[in-house]
Structure formats: structure tokens, C-alpha cells
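Following: one structure in C-alpha cells, then a few remarks.
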Amino acid sequence: MMRNLPFGRTALLVLVLALAATSASGNGDQFHYGSKVMVNDMDESRALSPFYMGPEFAFWDGGIVGVFDREDVVYINIDPTSDVVGENDIRLTPFGDLPAGSQVAKADNDIGKPLTKFGTTTTPRAELRFLDTGGDRAYNLDDPIYLNVVPGEINSNDVRITNYKGFPAGSRVNDTDPDNGLKTSTLPGMLSFFNTNGNINNGGYAIYDRGDIVYMDTQFPFYVVTINDVRMSI
């Protein structure tokens with residue numbers, strides 16, 4: 001059918017189809033979990049919103065009970081008052097066919113599973129930290145980020161938030177991996193989110209829900225997507 005259209009209309013149709021394909025795929029390849037915001041990215045300068053309560057890192061203890069190991073699925077627990085996997089929590093590691101960076105949905109098999117929070121009396125502390133690849137003691141675009149359990153040095157089972165030398169975001173560090181044992185530094189910033197549908201509560205505050213994108217907001221001005229911020233969800 002397209003060969004019967006004038007050239008200008010054909011080109012326009014091709015353009016529309018390409019844009020539709022990009023829209024249908026979400027935000028495009030640049031918006032994948034663990035990617036960093038670059039110059040002229042579509043989301044640069046978007047307004048970010050704070051969470052009502054600061055989210056926490058936690059894991060579903062699916063391996064050896066009482067031990068954090070590679071069988072445990074790791075989450076951003078959006079509601080820190082909850083001790084179970086809830087709707088719209090973020091998976092930092094894959095769960096079955098559900099990828100790292102995905103939001104938990106009502107029908108998913110991990111919803112309602114018990115969560116163990118890091119940093120309690122029986123579990124190690126965990127925080128987002130970066131590997132200072134340039135040795136300049138500053139966080140830069142080339143520096144990979146980890147959920148670093150027992151902060152200060154990359155350990156086996158730590159979670160890569162960004163890729164590192166072919167190891168993808170959401171993968172776990174193994175004993176023999178080249179980044180195991182390397183020193184880490186504190187990552188500045190806070191977790192915040194882009195309010196995709198713009199909905200607010202009666203107090204005028206943004207509501208975090210389905211489709212909102214979580215960022216690690218790493219630098220001033222805060223609550224604005226800036227270069228080097230990290231996309232923590234798909």
C-alpha cells in the first residue's frame with residue numbers, strides 16, 4: 001500500500017510508525033535500569049518528587065535462611081513500614097522472568113513475600129556506593145555503582161546497579177569477578193521519582209505509583225534529573 005503513496009506522505013508515515021514503535025517500547029534503550037543520564041537525554045531536566053518516607057533496601061530470603069546469598073531477591077522497599085514485598089516495589093535483581101528494575105505488580109508471584117531489611121541486628125548494612133575508577137575521589141559518569149553489602153569494599157553477592165566490564169546491571173558479584181574486593185566510596189544523593197501521570201494527593205504531594213521511574217538523584221540541583229543521575233527502574 002505504501003508504494004502508491006506520494007513520497008512525502010510515505011516518508012511521513014514511516015516517521016509516524018517509527019515514533020509509535022519507540023513509544024510502545026517504553027522510553028527507549030537509553031532508559032533501561034542502571035543507565036546514567038547523559039547530555040541531551042529526553043529525561044534530563046525533568047522534575048523529580050521526594051518519597052513520603054525514604055525507601056529502604058531489603059531482600060526476600062529465598063536461599064539459606066538467615067544468610068544473604070545469591071538466591072535472595074533484592075528490592076527497593078518503597079514503604080519502609082512494610083515487611084513484605086508490596087505493589088510497585090522495585091526489584092534490583094531478577095525474579096524468574098521478571099527483570100531487574102521492574103516494578104512489582106499485584107499478580108506477580110513475589111508480592112506479599114516476607115522482606116528482611118538490611119542493617120538490622122541480624123543482617124549486614126547495605127548502601128549505594130561507587131567504584132572510583134578514575135581515582136579522583138569524585139563520582140563521575142564512568143564510575144559503576146553497587147548495592148554494597150558491608151560498605152567499603154565490593155563483596156561476593158553485592159548487586160551491580162550499573163554495568164561493569166560486561167557484567168550487566170542487576171547481576172551479582174562472584175568471588176572470581178574482577179571487581180570483587182575493590183574499594184568503594186559513598187555515593188551522594190537520594191532516591192526520588194518522576195511522577196509519570198502527574199497525580200497528587202490532597203496535600204499537593206506527588207503520588208508514587210505504577211509507571212513512575214525511580215532515580216538516584218546524585219547532585220545539585222536536587223529533585224531535577226541531571227547528568228550522572230541513575231535510573232533505578234525500567
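Over segment 50-94, with a single point scatterer placed on each C-alpha, what log10 of the ratio I(q)/I(0) does the Debye formula yield at q = 0.13, 0.29, 0.30 1/Å? Values returned for q = 0.13, 0.29, 0.30 Å⁻¹ are -0.28, -1.06, -1.10. Most tightly packed first, judged by the mean number of other beta-carbon atoms within 10 Å of their residues, the peptides 206-217, 178-189 read 206-217, 178-189.
Helix 7-24 versus the longest principal axis of the chain: what angle, 0 to 90°, nearest 10, using Cα atoms? It works out to around 20 degrees. For a test of the definition: using alpha carbon positions, the gyration tensor, and the 1.5 limit on a/c, classify segment 129-234 as rounded, prolate or oblate. Prolate is the answer for segment 129-234, as a/c is 1.5 or above and a/b outweighs b/c. A helix-only calculation puts the chain at -2500 deg cm²/dmol for mean residue ellipticity at 222 nm, using -39500 (n - 2.57) for each DSSP H run of at least four residues, averaged over all residues. Computed from backbone phi, the HN-Hα couplings of segment 127-143 come to 8, 6, 9, 10, 8, 7, 5, x, x, 9, 6, 10, 7, 10, 4, 7, 8 Hz, rounded to whole numbers (Karplus: 6.51 cos²θ - 1.76 cosθ + 1.60, θ = phi - 60°; Gly and Pro given as x).
Take 162-171, 225-234 and order them by the average number of nearby Cβ atoms within 10 Å per residue, most first; the result is 225-234, 162-171. Using θ = phi - 60° in the Karplus curve 6.51 cos²θ - 1.76 cosθ + 1.60, the 3J(HN,Hα) couplings for segment 64-69 round to 5, 4, x, 10, 7, 9 Hz; x is entered for Gly and Pro.
Lysine pair count for the chain (Cα-Cα distance under 24 Å; residues 8 or more apart in sequence or on different chains): 5. Near the amide H of VAL224, within less than 5 Å, lie the amide hydrogens of LEU48, all on another chain or at least 5 residues away, with H placed in the peptide plane. Note on segment 106-133 and segment 134-209: Cα centroid distance 12 Å, given to the nearest whole angstrom.
Amide H contacts of ASP132: SER185, each under 5 Å away and 5 or more positions distant or on a separate chain (H built 1.01 Å from N in the peptide plane; Pro and chain starts excluded). Percent of Cα pairs in segment 66-178 per distance bin of 5 Å, from zero to the largest separation: 2, 11, 21, 23, 20, 13, 7, 3, 1, 0.
The fraction of Cα-Cα pairs per 10 angstrom bin, counted from 0 for the chain, comes to 7, 30, 34, 18, 7, 3, 1, 0 percent, rounded to whole percents. Working note: Karplus 6.51/-1.76/1.60 with θ = phi - 60° gives segment 96-113 the couplings x, 8, 8, x, 4, x, 7, 7, 6, 10, 4, 8, 6, 6, 8, 5, x, 5 Hz, where Gly and Pro are set to x.
When the Gaussian network model of the chain links Cα atoms closer than 10 Å, the mean-square fluctuations of VAL67, VAL85, VAL173 top out at VAL67.
Read-outs: derived from the displayed coordinates by stated rules, not from any lab. Nothing here was measured: the structure is a model prediction, and the numbers come from that model. Note: ideal-geometry Cβ built from the backbone for every residue, glycine included; neighbour counts use all protein chains shown.
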